[in-house]
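Working notes, structure below.
All of the numbers you see were taken from the coordinates with simple rules; none came from a lab. Just so it is clear, the model here is predicted, and its values are computed rather than measured. Positions of Cβ are generated from backbone atoms using ideal geometry, with glycine treated the same way; all protein chains shown enter the neighbour counts.
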Amino acid sequence: MRRSGEIETVETMIPEDWRPSAPLDNLRRRAEILGRIRQFFAARDVMEVDTQQLSHRAVSDPFIDSIEAQFRPTPESPAQSLYLQTSPEYAMKRLLAAGAGAIYQLGKVFRNGEVGGRHNPEFTMLEWYRPGFDDSDLMDEVEALVAAVLPDFAPQQLSYRALFERELGIDPHRAGLAELQSLCRRHVDADFEDDSRDTWLNLLMSHVIEPRLEGGVFVYDFPASQSALARVREDAFGTPVAARFELFIDGMEIANGYHELTDAAEQGRRLEADQHSRAGLGLPQRPLETRLVAALDQGMPDCAGVALGVDRLVMLALGTRSIRDVIAFPFDLA
């Protein structure tokens with residue numbers, strides 16, 4: 001205990017949590033990788049853009065939660081709600097509709113509640129859009145980008161159907177609700193009821209199939225009900241599927257890409273459906289990005305787009321399974 005009159009020094013006042021969680025050598029390698037990514041796009045004449053991080057509108061997806069911020073013109077003014085962007089997608093599509101051409105963005109995004117070995121509420125996302133590409137073209141470009149960072153990268157491509165048939169012996173597009181529930185409960189502690197097939201498909205994918213994946217695997221042609229902002233088309237079997245893909249490397253999701261929806265009316269319906277789902281789940285009703293619908297109505301070019309988790313890519317390059325090893329100051333040190 002400090003005696004009366006004893007002066008507390010600066011040294012005794014400074015906590016030990018000032019240090020970065022990542023070794024400086026890792027941060028240097030991270031910087032090199034970011035430089036390599038920018039060189040990749042410069043060589044392909046894809047323009048870097050920098051859109052807002054604070055927006056008056058929020059993401060509609062009921063499974064992604066925006067972080068809300070309060071803006072006041074003066075300290076005594078009423079607060080106005082703004083939202084830290086979970087992805088630059090909406091803003092970048094507005095640029096595409098304005099005629100920006102091929103674009104990419106490398107920057108911070110924010111998602112509420114995401115903390116863990118692979119997650120941080122503030123993380124780095126690479127997102128890019130390619131007019132004239134479909135999802136198959138973009139898978140090839142994602143492979144080239146990842147190979148520029150992971151030289152031995154040699155992924156396989158499997159449809160969602162083929163993956164479920166290989167791993168679980170079922171056709172995920174045809175299996176009934178009861179069959180999916182029974183199969184899921186054999187593998188996962190899921191003592192609850194839910195009448196959505198997607199709930200059970202997602203549990204089987206995340207808890208059973210993903211941990212089994214080795215090396216790089218592109219999964220494409222997801223169920224039409226999981227189309228998000230992708231187009232819906234028929235596959236070789238005549239089944240409506242979402243024109244989207246995800247890339248997994250050693251069971252970790254790295255990228256999510258779409259042949260983008262350009263139908264303004266359909267986009268508006270999907271935003272409203274998301275809002276309805278949020279209400280059913282008791283989630284906050286956030287302002288919808290109707291300016292995206294207006295941009296599509298103006299005319300967004302036929303294109304494909306993808307979002308890639310940069311921190312996870314750096315983790316793979318450095319051979320670590322913890323995001324703390326590749327960012328300077330994670331959530332608990334921020």
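What longest range of the chain stays clear of loop-exposed GluC sites (Glu not before Pro) (DSSP non-H/G/I/E/B, at most 11 other C-beta within 10 angstrom)?
215-334
Starting from the Cα gyration tensor of segment 139-184, take the square roots of the eigenvalues, sort them a ≥ b ≥ c, and report rounded, prolate or oblate (rounded when a/c is under 1.5, otherwise prolate if a/b is larger than b/c, else oblate).
Prolate shape, in that a/c is at least 1.5 and a/b is the bigger ratio.
Taking 8 Å as the Cα distance limit and 6 or more residues as the minimum spacing, I'd like the relative contact order of segment 103-197 as a percentage.
It comes to 15 percent, rounded to a whole number.
Most exposed first by the Cβ proxy, i.e. fewest other Cβ within 10 Å, how do PHE41, PHE237 rank?
Final ranking by Cβ density, sparse to dense: PHE237, PHE41.
Give, in whole angstrom and from largest to smallest, the semi-axes √(5λ) of the equivalent ellipsoid of segment 205-324, with λ running over the eigenvalues of the Cα gyration tensor.
The three semi-axes for segment 205-324 are 29, 19, 16 Å.
When only DSSP loop residues count, what trypsin sites (Lys or Arg not before Pro) in segment 93-135 have their Cβ near at most 16 other Cβ atoms within 10 Å?
When the trypsin sites (Lys or Arg not before Pro) of segment 93-135 are filtered for loop state and at most 16 Cβ neighbours within 10 Å, ARG118 remain.
Counting only helical runs of four or more DSSP H residues, what would the 222 nm mean residue ellipticity of the chain come to if each run contributes -39,500 (n - 2.57) and the total is spread over all its residues?
Computed ellipticity for the chain at 222 nm equals -10000 deg cm²/dmol.
Please give the helix 24-43 orientation as an angle from the longest Cα principal axis of the chain, in degrees from 0 to 90, rounded to the nearest 10.
40 degrees
Does anyone have the angle between helix 264-280 and the longest principal axis of the chain? Alpha-carbon axes, 0 to 90°, nearest 10?
60 degrees
If each residue's Cβ is checked for other Cβ atoms within 10 Å, how do TYR90, TYR104 rank with the fewest at the top?
Ordered by Cβ neighbours within 10 Å, fewest first: TYR90, TYR104.
Rounded, prolate or oblate for segment 61-164? Axes are the square roots of the Cα gyration tensor eigenvalues, ordered a ≥ b ≥ c, and the cut-off for rounded is a/c under 1.5.
Here segment 61-164 falls in the prolate category.
Which order do ASP25, ASP297 fall in if you start with the one that has the fewest other Cβ atoms within 10 Å?
ASP25, ASP297
Where in segment 237-326 are there trypsin sites (Lys or Arg not before Pro) that are in a DSSP coil and have at most 14 other Cβ atoms within 10 angstrom of their Cβ?
Those satisfying the criteria are ARG321.
From Cα pairs below 8 angstrom and at least 6 apart in sequence, can you work out the relative contact order of the chain, rounded to a whole percent?
24 percent
Over all directions, average the projected area of the Cα convex hull of the chain and note it in nm².
23.0 nm²
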